[in-house]
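Working notes, beginning with the structure itself.
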Amino acid sequence: MADIALDSRAARRPVRDASAWDRLKVNRDWLAVWFMLPAMAFLILFLAYPLGLGIWISFTDAKIGRPGEYIGFENYEWLWEDSIFWLSVFNTLLYTFVASAIKFAVGLYLALLLNENMPFKAILRALVLIPFIVPTVLSALAFWWIFDAQFSIISWSLRHLDLITENINFLGDVNWARGCVIFANIWRGVPFVAITLLAGLQTVQPSLYEAATIDGATKWQMFRHITYPLLTPIIAVVMTFSVLFTFTDFQLIWAMTRGGPVNATHLMATLSYQRAIIAGQLGEGAAISSAMIPFLLAAIMVSWFGLQRRKWQHGEAND
Amino acid sequence: MTDLPVPKVDLKGVLSGPSARAAAAAADDHSEGMSYLESLPRRLVTLYLPLSIIVIVLLFPFYWMALTAIKPDDQLLDLDKFNPFWTTAPTLKHIQKLLFESHYVGWLWNTMFVAVCATVLSIVASVLAAYAIVRLRFRGAHWIGGLIFLAYLVPPSILFIPLATVVFQYGLFDTPFALILTYPTILIPFSTWLLMGYFKTIPYELEECALIDGASRWQILVKIVLPLAIPGLISAFIFCFTLCWNEFIYALTFLQSVENKTVPVAIVNEFVDGDIYRWGSLMAGALAGSLPLVVLYAFFVEHYVSAMTGAVKE
């Protein structure tokens, strides 16, 4: 027996001990550093650093081609008394709330409709998503043409139905212009809300509705007490995204009105572009875009609580 | 997403006894269990009518775009003599003007080049990051995952001013690289989040077997995880590509010379002049800029939907 033991020890000898390098090679943390490196490099260099830099620039009087000097809160004080800035804040809030509320209502309604059984269901669902696929600017141009003061197809149709006598100046009148950009935003956002909510609807088990029908529930009661509670978590997330992207919208406004008429459709994003890039006042523009951050944080908090609630509903191991 | 196997009971069939006709009807019935409660006229009013109104509103701008692009100028501007909803003499003049009298082909090429490069860079970075977060389970992986989700919520419209100065400092201003390097900040958070979801569905056991067989982490990723996550990769790829194509504010800020621009920016800036006859070519440009994405979408509808819902669900 002793011989065997000796033999095996002799056979093991050529195997060297694991060096520090070997151990490092299988160390999770060390490996993870290398795996995370490319993504982190991008996000730190082009996202985190500019985010901080933007806040710094908002405290300077930087102009295009000239690094600024620290001037404290002067940009913000200046904005505080700037009526155009407050108009843009008002516009942004109006735009966000009205568009998001309607997007949610229409999106949910469309999702419920698409969830029904009908012929050509798959094709319809695919068609509905097209506004979301096409670049926003390009569809905004189509809307610009649809809302043209002289050749608008809507004015033409209404005139031929004898509802109006004069063409409507869609993008030239303050209230019409606001309505038009909000409509275009809703048009573009509804498919996203509808298709994501539809995915949520498909996870609701039909047996719940069957049970409710047997218990004599009406359609509305079924929606209120089955569909809506089960959809709440996904609604929270979808609407956070929707609010966030509506709040920071730029391209739709820029393609349709560029903030006009008389600044009636200027959002904070378009105003900061105009002040920073076109007028060259980087500091002031940065102050306007930094002023959006508190609103975004509020939206993110809502999303976070929405996700918490989802965990609570589905159990902790929620993938 | 998964359709549960709902037992399909034909109540009328059950009530009238097990006749052969009812059994056949039940077998053919692919509808949900309760659809017999709805009559056809009722469905017309509550389902088909509102649905068709919404779909028509959603699709009308594209019809209008396409119609304008092939309408001759005199018909475009004379609404009284011609019915504006149709055209009697379609013309390719606008499209010809677009292709041969402007830089349109170059702009398309720029957009494509930037989109492909930025997407590939982002997917590579995201695959590595998502794998590390989901499967290496290093210290703080949860936190990093959360931070990446937060990065997704940082919108370009608060970053473009500082990024413009950064791009200028690095000497990237007015080059495609300005966009290729900045677009990944939008794409990486999204695709990392999406791929994390896909990687989580791959069983641990496969990786453990490979580890026992002496495979390195890199080999596991390339030979086991990636082949299994191909649907996720396709979703991430086409969605990122679409986002790149759609991006506007960075391209507007970082590019200056006409021939370097991407399609969305070029159309807004170069075609919009005082010319009353611009509408035809403007709409032709918008149509041509949308078509590549619509074609891509037509081939990968399912992947788009799973990308969209996947990113929200996680």
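Assorted remarks:
- Where helices (runs of 4 or more DSSP H) fall entirely within segment A:183-272, those with at least 1 residues that are of a type in the set (Gly, Ala, Ser) are at A:206-214, A:228-247, A:251-256.
- Number of the exception - residue A:298 against (1) more than 11 Å from chain B (Cβ to nearest Cβ); (2) assigned to a helix (DSSP H, G or I); (3) at pLDDT 90 or above: (3)
This table checks each residue for (1) surrounded by fewer than 19 Cβ atoms within 10 Å (Cβ to Cβ); (2) over 22 Å from the mean Cα position of the chain (by Cα); (3) within 11 Å of another protein chain (Cβ to nearest Cβ).
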site	(1), (2), (3)
B:156	no, no, yes
B:161	no, yes, yes
B:184	no, no, yes
B:189	no, no, yes
B:199	no, no, yes
B:232	no, no, no
B:247	no, no, yes
B:251	no, no, yes
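Residue-wise test of (1) within 9 Å of chain B (Cβ to nearest Cβ); (2) surrounded by fewer than 17 Cβ atoms within 10 Å (Cβ to Cβ).
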| residue | (1), (2) |
| --- | --- |
| A:114 | yes, no |
| A:118 | yes, yes |
| A:123 | no, yes |
| A:126 | yes, no |
| A:129 | yes, no |
| A:137 | yes, no |
| A:142 | yes, no |
| A:149 | no, yes |
| A:152 | no, no |
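- Residues that are open to solvent by less than 30 Å² (accessible area, probe 1.4 Å) and either among the small types (Gly, Ala, Ser) or at pLDDT below 85 (or both), drawn from segment B:289-305: B:289, B:290, B:304
- Residue match in segment A:68-91 (condition: touching a helix residue (DSSP H, G or I) at 6+ places or on another chain (Cβ under 6 Å), closer than 26 Å to residue B:173 by Cβ and surrounded by 14 or more Cβ atoms within 10 Å (Cβ to Cβ)): yes
- Test result for residue A:70, more than 10 Å from chain B (Cβ to nearest Cβ) and in contact with an Asp or Glu (Cβ under 9 Å, 6 or more places away or on another chain): yes
- Among residues of segment B:193-212 that are farther than 18 Å from residue B:130 by Cα, those with a beta-carbon under 9 Å from a residue that is open to solvent by less than 20 Å² (accessible area, probe 1.4 Å) at least six positions away or on a different chain give the pairs B:210/B:220; B:211/B:220.
- For the residues A:5, A:48, the requirement of being modelled with pLDDT under 75 and at negative phi singles out A:5.
- Of the residues B:67, B:59, B:44, the single one that is farther than 30 Å from residue B:282 by Cβ, in a helix (DSSP H, G or I), at pLDDT 80 or above and not assigned by TED's automatic domain parsing to the domain that holds residue B:285 is B:44.
- Scanning segment A:248-281 for residues that are open to solvent by 10 Å² or more (accessible area, probe 1.4 Å), within 8 Å of chain B (Cβ to nearest Cβ) and more than 22 Å from residue A:142 (Cα to Cα) yields A:273, A:277.
- Looking only at residues in segment B:216-228 that are free of Cβ contacts under 8 Å to residues at least 60 places away in the same chain and more than 12 Å from chain A (Cβ to nearest Cβ), the one that is most open to solvent (accessible area, probe 1.4 Å) is B:223.
- When each of A:62, A:32 is tested for being surrounded by 15 or more Cβ atoms within 10 Å (Cβ to Cβ), farther than 20 Å from residue B:222 by Cα, within 8 Å of chain B (Cβ to nearest Cβ) and small (Gly, Ala, Ser), the lone residue that passes is A:62.
- Members of segment A:215-235 found to be facing chain B (nearest Cβ under 10 Å) and farther than 20 Å from residue A:117 by Cβ, listed by number: A:233, A:234
- Taking segment A:92-111 as the range and being surrounded by 19 or more Cβ atoms within 10 Å (Cβ to Cβ) and not aliphatic (A, V, I, L, M) as the test, the residues that pass are A:92, A:95, A:96, A:100, A:103, A:104, A:107.
- Residue match in segment A:59-70 (condition: free of Cβ contacts under 8 Å to residues at least 24 places away in the same chain and closer than 24 Å to residue A:296 by Cβ): no
- Some residue of segment B:214-225 being assigned by TED's automatic domain parsing to the domain that holds residue B:142 and either farther than 30 Å from residue A:31 by Cα or under 21 Å from the mean Cα position of the chain (by Cα) (or both): no
- So residue B:149, is it modelled with pLDDT under 90, more than 24 Å from the chain's Cα centre (by Cα), open to solvent by less than 30 Å² (accessible area, probe 1.4 Å) and more than 14 Å from residue B:253 (Cα to Cα): no
The values are calculated or read from the model by the stated rules, or taken from the named source; none is laboratory data. Remember, it's a predicted structure, so these values are computed and weren't measured experimentally. Using ideal geometry, Cβ is built from the backbone for each residue, glycine included, and neighbour counts are taken over all protein chains shown. Note: areas computed on protein heavy atoms with side chains; ligands, DNA, RNA excluded. Shrake-Rupley method; radii C 1.70, N 1.55, O 1.52, S 1.80 Å.
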